[in-house]
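Note sheet for the following structure.
Any read-out appearing in this document is the output of simple, stated calculations on the displayed coordinates, not a laboratory observation. A quick note: this is a predicted structure, and the numbers were derived from the prediction, not measured. Please note: Cβ atoms are built from the backbone with ideal geometry, for glycine as well, and neighbour counts cover all protein chains shown.
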Amino acid sequence: MPKDSAHLTQARREEIISACAKLYETMSFKEITIKEIAAFTSFTRTSIYNYFQTKEEIFLALLQREYEAWTADLNSLHPSGSGPHRLELAEQISRTLERRERLLKLLSMNLNDMEANSGMEHLVEFKRAYGASVQAIQDCLRRFCPEMEAKERREFTFSFLPLIYGIYPYAAVTEKQRDAMEQAQIDFQYLSIYEITLIGAQKLLGVL
């Protein structure tokens, strides 16, 4: 593929993904269609099929972009030396997710359906981004907790990653949900993304 053509392909893919992200700020996954995504781009609905075959592929690409941004955040973390490293890591990693609300919102959807309705090429690209985030967490643990052995790093990583799938629904509670909880007489403590992540990370790191 010529260089200019590859650049145009990437630019159009990013435009489609950005249009999806914009719609996702005010609409649900079910409400968003490829037709509506196309309306936020500079080209036609038919042209989108040159880059993505399904709506799920577009959302998976958006999730991939969110993972890449989170990985960059994780790779920038370093201990300051001002306090216990495990506690500092819990605080810093929680701040990275506080800035990635869209990532958490996407993870709270049915990822299995997104993956099942995406072509192998798109799925492999996504898995590479996911794998990079796994590696970034492992690298954070090496920087902050050099005393950790490989087994403990793996145990933290594969306990922490499933935990983050459930953060968004607990932190982003609607008024309707609040009313329902009150009517059901459930004593529920509302916490922020940072607070929920911090509690989980501290427990897994053994500092809570």
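Once the dipole of the chain is set up with Lys and Arg at +1 and Asp and Glu at -1 on Cβ about the Cα centre, which of Leu104, His122, Leu205 lies farthest towards its positive end?
Value: His122.
Tell me, what is the percent relative contact order of the chain, built from C-alpha pairs under 8 Å that lie six or more residues apart? Walk me through the numbers before you get to the answer.
Working: 191 pairs, mean separation 49.4, N = 208.
That works out to 24 percent.
Gap in Å between the Cα centre of the stretch 7-40 and the Cα centre of the stretch 92-152?
22
Based on DSSP H runs of at least 4 residues, each adding -39500 (n - 2.57), what is the mean residue ellipticity at 222 nm of the chain after dividing by all its residues, to the nearest 500 deg cm²/dmol?
Working: 12 runs with 147 residues, N = 208.
Per the formula, -22000 deg cm²/dmol.
Can you classify the stretch 16-73 as rounded, prolate or oblate using the Cα gyration tensor, where a ≥ b ≥ c are the square roots of its eigenvalues, rounded means a/c under 1.5, and otherwise it's prolate if a/b beats b/c and oblate if not?
Prolate.
Can you list the equivalent-ellipsoid semi-axes of the chain, largest first and in whole Å, using the square root of 5 times each Cα gyration tensor eigenvalue? Numbers along the way, then the final one.
Working: eigenvalues 220, 118, 36 Å².
Gyration-tensor ellipsoid for the chain: 33, 24, 13 Å.
Of Lys105/Lys127; Lys127/Lys203; Lys30/Lys105, which pairs sit farther than 22 Å apart, going by alpha carbon to alpha carbon?
Check vs 22 Å cut-off fails for Lys127/Lys203.
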